[in-house]
Ligand SMILES: [Zn+2]
Ligand SMILES: [Zn+2]
């Protein structure tokens, strides 16, 4: 199994990084974890084919995490001529937010007859379900997005990948990341407090209790980018590839 960091940036393109998107190539099928607005560009740059992606999991309904989905759908209709089904799994109201955004960006597109099936799946705010052979467990975290914002934990092919989503500290990140082969952790600032986001300072006090086997920090502001050499965990960068 291989995880590629297609984008590990914040909403503002800090450091020239793409919006959040992690691409997982797995025996049970390829999928994305988040699909920020810049995702189609990031995937194209890395040579990752959109038609090979069966499922998109969305942690929360902010543009830097789901804003690429309408472009991804449009790309399937017009550019990549997709025929295989696409599953989009996210928090409650994910289908309405995606369809509303699509219609706003490309009027008339929401009514388009498609060559491929699109299935929307609502993930529970706290609970587990299986989506396309991937067991996903959601944990509602502390981040306002007009719908539940989730940390996600994936079990597939004998491995565990977890992702904090965007959130200020919550003790739920301990069970969410327990024994994970890879835990992706939002770390927005180094030591200053930023509402609804995590700082390295707080994570160094609290996330050290996680039993995750490997932790990778992501979603940096300019402040965190300037001090990432001081981080006690590995730092993600766009194009980074991790074998699991
Ligand atoms: Zn974000
Ligand atoms: Zn957010």
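Quick look at the numbers
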| read-out | value |
| --- | --- |
| Spans of strands (runs of 3 or more DSSP E) in region 37-155 with at least 2 residues within 19 Å of residue 3 (Cβ to Cβ) | 53-57, 86-90, 134-140 |
| Matching option when the condition is buried (at least 23 other Cβ atoms within 10 Å of the Cβ) and either farther than 25 Å from residue 153 by Cα or free of Cβ contacts under 8 Å to residues at least 60 places away in the same chain (or both), among 42, 49, 37 | 37 |
| Condition check for residue 191: part of a loop (DSSP other than H, G, I, E, B) and under 15 Å from the mean Cα position of the chain (by Cα) | no |
| Index of the failed condition, residue 95 passing every other in (1) at pLDDT below 95; (2) surrounded by 13 or more Cβ atoms within 10 Å (Cβ to Cβ) | (1) |
| Test: residue 3 is modelled with pLDDT of 95 or more and either more than 25 Å from residue 130 (Cα to Cα) or not in a strand (DSSP E or B) (or both) | no |
| Given (1) more than 14 Å from ligand 2 (Cβ to nearest atom); (2) at pLDDT 95 or above; (3) assigned to a loop (DSSP other than H, G, I, E, B), number of the condition residue 197 does not satisfy | (1) |
| All positions within region 197-211 that are farther than 15 Å from residue 142 by Cα and either buried (at least 20 other Cβ atoms within 10 Å of the Cβ) or within 16 Å of ligand 1 (Cβ to nearest atom) (or both) | 200, 207, 210 |
| Exclusive hit being away from ligand 2 (no atom under 16 Å from the Cβ), touching a residue at least 40 places away in the same chain (Cβ under 8 Å) and within 15 Å of the chain's Cα centre (by Cα), set 236, 176, 231 | 236 |
| Region 212-226, subset buried (at least 23 other Cβ atoms within 10 Å of the Cβ) and not in a loop (DSSP other than H, G, I, E, B), residue farthest from the chain's Cα centre (by Cα) | 224 |
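The values are calculated or read from the model by the stated rules, or taken from the named source; none is laboratory data. Fair warning: this is a prediction, and the values are worked out from it, not measured in the lab. Cβ sites come from the backbone with ideal geometry, for glycine too, and all protein chains shown count toward neighbours.
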